[in-house]
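**Student:** Starting off with a structure, shown below.
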Amino acid sequence: MFACPCDRANLIDPAIAERVADTAPHAVIEHYDADHFTVYHPPAVEKILAHQIRFLTEHLF
C-alpha cells in the first residue's frame, strides 16, 4: 500500500491515512506539504508522481 497524505489537507484529516497505513503490512507513506488540491499542480504533482512511480517499480517489478 502506498499512502500519500497532504499535511495541510482541509477535506480529510491526514491522520486517517497514517492510521490506515499503520495497519497495512509493508505500507509506504509519504507526507506532502500541500493541501487537497495543490497536489494536482506543479511542483507537488511531479514530486508525488515520482514517488508513486518509484513505489510501483519497486513493488511490482
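The values are calculated or read from the model by the stated rules, or taken from the named source; none is laboratory data. Predicted, not measured: the structure shown is a model, and the values here were computed from it. Using ideal geometry, Cβ is built from the backbone for each residue, glycine included, and neighbour counts are taken over all protein chains shown. Note: accessible area is taken over every heavy atom of the protein model, side chains too, but ligands, DNA and RNA are not part of it. Shrake-Rupley method; radii C 1.70, N 1.55, O 1.52, S 1.80 Å.
**Student:** Does the stretch 1-41 hold any residues that are outside any loop (DSSP other than H, G, I, E, B) and over 23 Å from Leu60 (Cα atoms), and which are they?
**Tutor:** Cys6, Pro14, Ala15, Ile16, Arg19, Tyr32, Thr38, Val39, Tyr40
Condition check ((1) open to solvent by less than 80 Å² (accessible area, probe 1.4 Å); (2) touching an Asp or Glu at 6+ places or on another chain (Cβ under 6 Å); (3) without any contact (Cβ under 8 Å) to a residue 40 or more places away in the chain) across all residues:
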residue	(1), (2), (3)
Cys4	yes, yes, no
Asp13	no, no, yes
Ala17	yes, no, yes
Pro25	no, no, yes
Val28	yes, no, yes
Thr38	yes, no, yes
Ile48	yes, no, no
Arg54	no, no, yes
Leu60	no, no, yes
